[in-house]
Structure formats: structure tokens, C-alpha cells
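Structure record follows, encoded as C-alpha cells.
The values are calculated or read from the model by the stated rules, or taken from the named source; none is laboratory data. Just so it is clear, the structure is predicted and the values come from calculations on it, not from any experiment. Using ideal geometry, Cβ is built from the backbone for each residue, glycine included, and neighbour counts are taken over all protein chains shown. Side chains included, ligands, DNA and RNA excluded: accessible areas come from the protein's heavy atoms. Shrake-Rupley method; radii C 1.70, N 1.55, O 1.52, S 1.80 Å.
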Amino acid sequence: MILLISDLHLEEQRPDITRAFLDLLDGRARDAESLYILGDFFEAWVGDDAMSPFQLSICKALRDLSDSGTKIFLMHGNRDFMIGYAFCKAAGCTLLADPSVVQLNGEPVLLMHGDSLCTRDEAYMRMRRYLRNPVTLFVLRHLPLSTRHKLARKLRNESRAQTRMKANDIVDVTPEEVPRIMAQYGVHTLIHGHTHRPAIHKLQVGDEAGKRIVLGDWDRQGWALQVDEQGFQLAAFDFVPVQPALTQQG
Ligand code: MN
């Protein structure tokens with residue numbers, strides 16, 4: 001059995017999401033051959049050299065899973081594209097390029113984060129090309145930590161403000177882009193996240209039937225795609241409410 005998840009946007013301010021993820025690691029993921037995390041795993045990432053105690057605890061949890069025998073594959077999202085090899089090594093996961101073709105149930109499947117499919121958002125695509133340029137990445141990684149934090153905040157605020165302003169269809173994938181890239185990679189199945197619109201879409205790839213599986217973001221509930229002999233099953237699950245920390249009584 002293989003599990004795929006994305007868009008957890010893990011951060012210290014969301015203990016409910018963190019709890020649900022740690023429960024997944026201790027539960028279903030232990031029985032999985034592999035766990036794929038398709039981007040925006042963390043809400044923000046300023047560098048492997050600047051992990052917070054919270055991020056270190058997530059790193060350790062991944063490591064425990066990896067040591068137990070489950071292979072972990074991690075793809076960058078637009079929020080955590082600064083995750084580097086040091087984190088992956090410590091967490092026992094393999095960094096996957098976006099896009100990548102992997103064999104799932106004996107079928108080649110294209111995996112992506114999904115932001116590169118939203119080609120109608122030209123301003124975003126320009127910014128993406130700039131930020132993912134190796135020269136830019138080198139400069140970013142060598143900026144003082146306080147500057148990196150400031151930049152990350154600025155990028156997040158801009159992205160939130162622009163997403164509110166933009167038409168709904170330009171923050172979704174470009175319909176024609178999907179069969180084009182699937183044909184280019186010779187697959188009938190594409191799995192991605194990013195758009196926060198979980199669904200399984202049927203489509204035509206050339207003359208043949210294909211499907212596009214969109215993973216869900218973890219906000220009010222969690223989402224996972226399970227791949228086994230039954231096929232591809234996308235399902236949501238509820239979070240267990242996190243008890244508020246007990247305040248000390250004087
Ligand atoms: Mn994203």
C-alpha cells in the first residue's frame with residue numbers, strides 16, 4: 001500500500017494538523033511501503049540551517065517512520081521550496097523533482113505539486129521561474145536569517161492578498177495544460193496538490209482515458225490518497241480535537 005498526501009502547511013500554530021499528521025505516521029503510514037508528500041508540507045521554510053524546535057520534531061518523526069521501513073519521498077511546494085538535502089538526509093526522505101514519474105500499482109504515474117499547471121497566472125509563473133533559479137536559490141540560502149524570515153513573510157502576505165483578488169479559474173490548473181503534460185510524460189494518471197480542490201477528474205489524453213487526482217489540503221480535515229490492489233482511493237478524515245493546554249491554577 002502506498003500513501004500520498006500534500007498541502008499540510010504544517011506550522012506550530014496548528015497543533016490539530018500536527019497531531020493528525022503524527023497519528024498518520026504512527027498508524028497507516030507504518031503499514032505503507034512508501035509515503036509521498038507532494039509539496040507545501042510546511043507552511044514556510046527559510047532554510048535547513050534554521051529549523052525551529054517544531055520543525056526538528058517533525059524531522060525526527062519522519063526519521064522514525066523511515067527507520068521503521070517506510071520509504072518517504074518529498075517534493076517541494078511553493079511554500080517550502082527551500083527545503084534542502086540536509087533536511088532530507090536528517091529526516092530519512094528522498095527529495096523528488098517536480099515533476100516525477102513513478103510506478104504505482106505497476107502503472108507509470110506523473111506526480112507534481114501543481115503550481116506549475118496554473119499557467120494562466122502569468123505573474124505567479126514569472127515569480128516562480130525567478131525563485132527556482134539556482135542563482136536566486138544560492139543567494140537566498142546565504143542571506144542572514146532575519147532577512148530570510150522577512151522575505152518569507154512578505155512572499156506569504158503577497159500570495160494571500162493576490163489569491164483573494166485573482167479570478168477563481170486562474171488559481172486553478174489550466175485545463176489544456178493537463179492532457180498536454182500527461183501526453184508529454186506518457187502517463188494516464190496525474191496526481192497533484194496545491195489547488196486545495198480535492199477530486200478525481202476523468203479526462204482524455206489523446207485517444208485514451210486518463211485521470212487527474214487532486215489531493216486535498218489539511219485545514220478542517222486531513223486528506224490522503226491510498227493506492228493498493230483496490231486502486232486509487234482519495235478520502236478525507238477528521239482531526240481529533242486537541243485539548244487546550246491546561247492553565248496552572250494559582
Ligand atoms: Mn502550493
With n ≥ 4 as the cut-off for DSSP H runs, can you work out [θ] at 222 nm for the chain, using -39500 (n - 2.57) per run divided by the number of residues, rounded to the nearest 500? -10500 deg cm²/dmol
Do me a favour and compute the ellipsoid semi-axes for region 2-237 from its Cα gyration tensor, root of five times each eigenvalue, largest one first, whole Å. 26, 24, 16
For region 2-237, accessible area per residue (1.4 Å probe, heavy atoms of protein chains only), Å²: 49
Cβ-Cβ cut-off under 11 Å around H142, Lys and Arg +1, Asp and Glu -1: the net charge is +1
Once Lys and Arg are counted +1 and Asp and Glu -1 for all other residues with Cβ under 14 Å from that of G106, the total becomes -4
Karplus-derived 3J(HN,Hα) from phi for region 218-223 (6.51 cos²θ - 1.76 cosθ + 1.60, θ = phi - 60°), whole Hz, x at Gly and Pro, runs 8, 9, 8, 8, x, 9
Cut-off 12 Å between beta-carbons: net charge of the residues surrounding L95, Lys and Arg +1, Asp and Glu -1: -2
Any lysines whose Cα falls less than 23 Å from that of K211, other than same-chain ones fewer than 8 residues away, would be K202
Checked region 147-250 with the C-alpha gyration tensor, a ≥ b ≥ c its square-rooted eigenvalues, rounded below a/c of 1.5, otherwise prolate if a/b is larger than b/c and oblate if not; verdict oblate
Whole-percent carbon and sulfur share, accessible surface of the chain, 1.4 Å: 54
If every Lys and Arg gets +1 and every Asp and Glu gets -1 at its Cβ, then about the Cα centre region 2-237 yields a dipole, in debye to the nearest 20, of 900
Convex hull (Cα only) mean projected area of region 1-111, reported in nm² to one decimal: 6.3
Here FRET efficiency (C-beta to C-beta, F54 to L203, R₀ 35 Å, nearest 0.05) is 0.35
